[in-house]
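Written below as structure tokens is the structure these notes are about.
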Amino acid sequence: MAALQRVWCHSTLRLLPRLPSHSRVACVTRQFATAKESSLFDPLDTFADRHIGPNDHEVEHMLSKLGYNSMDSFVDAAIPTPIRLSESSVSDQTIPSLSESELFKRAKALASENKPFKSYIGMGYHNAVVPPVILRNITENPAWYTPYTPYQPEIAQGRLESLVNFQTMIMSLTSMHIANASLLDEGTAAAEGMAMAFVSSSSKRSTFVVDKGVLPQTIAVLRTRAKGFGIKLAIGDVSELLGEPSVRSDLCGVLLQYPDVNGQVKDYSTLVESVHAVKGVVVVATDLLALTMLKPPGEWGADIVLGNSARFGVPVGYGGPHGAFFACSEKLKRKMPGRLIGRSRDAMGKLAYRLALQTREQHIRREKATSNICTSQALLANMAAMYAVYHGATGLTRIAQKVHGFTKVLKSQIEDFGYSVDNDVFFDTLTVNASNVQGGAQVVHETASRANINLRKIDDTRVGVTLDESLATADLIKLINIFGSAASASPVSDIQLTEIDKSYIPTNLQRSSEILPHPVFNTHHSETEMLRYIHDLQSKDLSLVHAMVPLGSCTMKLNSTSSMIPLTWPEFNSIHPFAPEEQVQGYRKLLKELEVDLCTITGFAACSLQPNSGASGEYAGLTVIRAYHESRGEAHRNICLIPVSAHGTNPASAVMAGLKVVPIKTHQDGTLDLEDLKAKSEMHKDNLAAFMITYPSTYGVFEDGVQDACKIIHDNGGQVYLDGANLNAQIGLTNPATCGGDVCHLNLHKTFAIPHGGGGPGVGPICVAQHLAPFLPSHPLVKTGGDKAINAIASAPFGSASICVISWAYIKMLGGNGLSHSSKVALLNANYIAHRLSGHYGLRYKNVKGRVAHELLIDLAEFDKSAGLKVMDFAKRLQDYGFHPPTCSWPTSTAMLIEPTESESLDEIDRFCDAMIQIRGEVQQIIDGKQPKENNLLKNAPHPMSVMVLPEDQWERPYSRQEAAYPLPWLYERKFWPTVTRIDDAYGDLNLICDCPSVEEMTS
Ligand SMILES: Cc1ncc(COP(=O)(O)O)c(C=O)c1O
């Protein structure tokens, strides 16, 4: 350790002459930090030391710069006294800490209590085969899993290209006009489809028909979502329902499953015509692998096509995370929810990718938004896209043919044993009638269970079985012999197996169109090529492996390797979400421990891990509040007060939960206008349902009076929803319950160290006070939630269960003391930045004691007037310094919101401040007229290599190449190059193209 320390300092010391003085302090104090006294019996691998950037000496240094002699006196200045907690509430007494090695032992012990049976349950979940080159180089690679949503496209071209591959793959397989870059899961994607059908219906029609063949968990999610929108669900046989005049006259859309839950593949073309005849929207949930062989929904008239892409190389993980896909027709494209990646061009005319149509985002549409999607499932979409790139059209077709071929063999063999199969047209799923077996389906399940196999339980006579890519011939024989044994037949061996020629897909349902003709899907098929493609894309993206990503409100902290490792153990990642409870005891214990710890941290009584994102948590929490009011005979309470500064997902979620949004003003200094809150609460007293508040506020301040605000709401019959996105500022210092909330969501992908995956996955659990616990979400197949539970919020009972392992490990390793120390250092780092930038930039908001919380808002409005510069000019220039820009233009349009987190060291924070200060100097040159307003370092930023090598006669810039690319000395050692120059947003939206270039475009 000491030797390592010397190496680190030696390499940094080489730079010392070029470093500013505070960086030298950091280096020297680091040497002292290891000398801290400890007992011989203490573990050496304590996580807090690895997770928290500044060591004790650096903390002292920062405190002294801010004028404090202790951490306590500093925290007292940042957080109002009335909401401070006692030291013991989140401590090692309430959450004991484990060292990294102790954590692995504990995780192993829990893993051993899970029984990863081979599951052929299907119902939307398959055993995926993750190609090792993807597992090692994407799933387990921080360069892919640590970046944020690609808001800064010039330093995100790699994952943008990969997401375009995902969109292209979906468009090709579904034969639809346009596809987005993933949604949270199949159930919520179907709910988005239903909402789109509803808002697209011109004459306020509100009946949405759902076929009985749709997955039960999808139906449960639809029930929840339909209520908020006032949509009437009609569930049953779709043809019969469409025959009813009352349904047809009020129809906004239908949802079909293709193939359906029992495996049957139906020809829906006539039905589609009849839905279109009454101007209904046809939504189809489908399976990507099946579409390589089946006629795609786009070819038989579907308007929206969606599903789960996880069988393309994403582990089942006890239910998630998985990337849902969503595609639609040309006429609906501007109503499509979620992220859409489009092609545009940079300032030099080069092709570049970017997030398209951002004007649809909730930040702009707020209560007019019909979707609250923010975090999606980018990492999982990237894995699925890479799977298609690796296998290509031919490889995917071979996989599909094998799965289908095995299913045919299974059918033929078990029919020989006396079983019959209910579905005559199928791809990979059979509904087997076991009335030939004495004891019926139960005996088949018992026989399967003895062989460590799960089949789908349908009823007393029928058994469901779904095959997938993971089956080898030996698995197929084992499966056949389970059915054989249950029927008392003699076992078969491989030599008795023969391929079945007979086709079970009629010609009118067979796919004849080509799949994936684009060059990217027909190039990288050897592992060498694939590895290089992945690394080529990765090298274009700036992530936490390069530098701090100080995005305010996003909490981009260390995603430790130790907390990620258990995630890919089979005992955690190959478990079907509907596996019997006795096989998942380890998972259940782990999830329970996480729920208990989250309750300790928030001060609440109960928790649901089901929501798959922060926004989904908001929606869940508000729906719980509505159910609570309803249970008290107050279903009419439908007003939701939301401050104007709130994140856009807040009003969008409120509207989706059927609430009417009333905005609350904030003062000039950013604080909530309590007078306005009081007046509006009293005005809406009889109908007040909820108040949503983010605390500390979106302006980065712990303002006084939060308890008063909550009391006003309670006095007027409302409930308080606390948006917990900023919980990183609170742990052990205050909590949502103490502030006066009734429910909060947490972003585990922020505060609790789940990596952001380049735009997802996320987990947005909700914690609630005792009186709301009975209403927590249920699930149709696995018991969750309270005794008055609302319907499901997500497809899987515990949402993205597998990544909950990361947050569980994070909490266990830090322990209570480490967690609260992390929050204190997060506050300190932000206040230290505010201190260093003061005099250079205007700090927009601070509390009465001059302190910010864990993030700070700097206002750049003055530079628009004095130098013609906008926020984006500063952001793009920061890219030249190798930093990801902070959050731009939110919550105020002329500001940057900076959040360093506790994980960033003093050295890195100083580097960032140096860059910001140097940029301020560049701005001064413009203000002083030494650089022109339209042609300067900021307006032309970023400066990729292609600009740097422009011939001399084309370098029409009043500054040198060195000033452009190496404005500070450390950049010579540590330069990150954006790969394109500034991207033209307007051009991209006007010429919306959201797929990969075709062969013709590539060759023209
Ligand atoms: C304050 C706040 N609330 C809610 C959200 C939504 O969370 P998610 O992106 O996980 O849906 C965010 C996300 O950035 C946020 O900053």
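Values quoted throughout were computed directly from the atomic coordinates according to the rules given, and no laboratory measurement underlies them. Fair warning: this is a prediction, and the values are worked out from it, not measured in the lab. Backbone-built Cβ (ideal geometry, glycine too); neighbour counts: all protein chains shown.
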Which of rounded, prolate, oblate describes the stretch 363-402, given a ≥ b ≥ c as roots of the alpha-carbon gyration tensor eigenvalues and a/c under 1.5 marking rounded, otherwise prolate only if a/b is larger than b/c?
prolate
Karplus-derived HN-Hα couplings along the stretch 645-650 (A = 6.51, B = -1.76, C = 1.60, θ = phi - 60°), whole Hz, x at Gly and Pro
7, 5, 4, x, 5, 4
DSSP-loop chymotrypsin sites (Phe, Trp or Tyr not before Pro) across the stretch 595-691, with at most 16 other Cβ within 10 angstrom
none
Could you pull out every residue, at least 5 positions away or on a different chain, whose amide H is within less than 5 Å of the one on Tyr881? Hs are placed 1.01 Å off N in the peptide plane, and Pro or chain starts have none.
none
Beta carbons within 10 angstrom, averaged per residue: use that to sort the peptides 927-938, 225-236, 875-886, 945-956, highest first.
875-886, 225-236, 927-938, 945-956
Under 12 Å between alpha carbons, and skipping anything fewer than 8 positions from Lys331 in its own chain: which aspartates and glutamates qualify?
Asp303
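Below 8 Å, C-alpha to C-alpha, sequence gap of six or more: please give me the relative contact order for the chain in percent.
About 19 percent, as a whole number.
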Need one number for the chain: average projected area of the convex hull over its C-alpha atoms, nm².
41.1
Would you list the P(r) distribution for the stretch 445-593, with all Cα-Cα distances sorted into 5 Å bins from 0 and each bin expressed as a whole %?
1, 6, 8, 10, 11, 12, 13, 13, 11, 8, 4, 2, 1, 0
Output ordering of 491-500, 326-335 (per-residue mean of other Cβ within 10 Å, highest first) is 326-335, 491-500
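If we sort 314-325, 479-490 on the protection proxy, mean other Cβ atoms within 10 Å, highest first, what's the order? It would help to have the intermediate numbers written out before the result.
Working: 314-325: 29.3, 479-490: 20.2.
Highest mean packing first, the order is 314-325, 479-490.
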List the residues whose amide H sits under 5 Å from the amide H of Thr784, counting only those 5 or more places along or on another chain, with H placed 1.01 Å from N in the peptide plane.
His779
If you take the Cα atoms of the stretch 227-306, find Rg, then find the Kirkwood Rh from the mean of 1/r over all pairs, what is Rg/Rh?
0.97
By Cβ neighbour count within 10 Å, fewest first, Glu192, Glu113, Glu922, Glu618 rank Glu113, Glu922, Glu192, Glu618
Name the aspartates and glutamates eligible as straight-distance cross-link partners of Lys204: C-alpha to C-alpha under 14 Å, and not fewer than 8 places from it in the same chain.
Asp250
Between the stretch 894-908 and the stretch 197-237, what's the alpha-carbon centroid distance in Å?
44
Filter the cross-link list Lys865/Lys939; Lys368/Lys540; Lys478/Lys592; Lys212/Lys335; Lys118/Lys266 down to pairs whose alpha-carbon distance in this structure exceeds 24 Å.
Lys368/Lys540; Lys478/Lys592; Lys212/Lys335; Lys118/Lys266
Sequence order, the stretch 69-77: Karplus ³J(HN,Hα) from phi using 6.51 cos²θ - 1.76 cosθ + 1.60, θ = phi - 60°, Hz rounded, Gly and Pro as x, gives 9, 8, 4, 4, 5, 5, 5, 4, 6
Loop-located trypsin sites (Lys or Arg not before Pro) in the stretch 433-515 whose Cβ has at most 10 other Cβ within 10 Å (DSSP):
Lys502
Sorted by Cβ neighbour density within 10 Å, fewest at the top, the residues Asp907, Asp49, Asp459
Asp459, Asp49, Asp907
I need Cys888, Cys554 ordered by Cβ neighbour count within 10 Å, fewest first.
Cys888, Cys554
Per residue of the stretch 838-850, what does 6.51 cos²θ - 1.76 cosθ + 1.60 with θ = phi - 60° give for ³J(HN,Hα)? Whole Hz please, x for Gly and Pro, Karplus curve as stated.
5, x, 9, 9, x, 7, 6, 9, 8, 7, 4, 9, x
Excluding Leu819 itself, calculate the net charge of residues whose Cβ lies under 15 Å from the Cβ of Leu819, where each Lys or Arg counts +1 and each Asp or Glu counts -1.
-1
Checked against the positive end of the charge dipole of the chain (+1 on Cβ of Lys and Arg, -1 on Cβ of Asp and Glu, about the Cα centre), the farthest of Leu591, Leu677, Phe47 is Leu677
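Once the Cα gyration tensor of the stretch 392-509 is diagonalised, what are the square roots of 5 times its eigenvalues, in whole Å and ordered largest first, as equivalent ellipsoid semi-axes?
Values: eigenvalues 112, 49, 36 Å².
In descending order, the three semi-axes are 24, 16, 13 Å.
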For the stretch 836-864 and the stretch 751-791, what is the separation of their C-alpha centers, rounded to whole Å?
36
Cα shape, the stretch 601-800, gyration tensor, a/c 1.5 rule:
oblate
Quick one: putting +1 on the C-beta of Lys and Arg, -1 on the C-beta of Asp and Glu, what dipole do you get for the stretch 597-706 around its Cα centre, in Debye to the nearest 20?
380
Taking amide H atoms as placed 1.01 Å from N in the peptide plane, list the residues 5 or more away in sequence, or in a different chain, whose amide H sits under 5 Å from that of Ala352.
Ser344, Arg345, Asp346
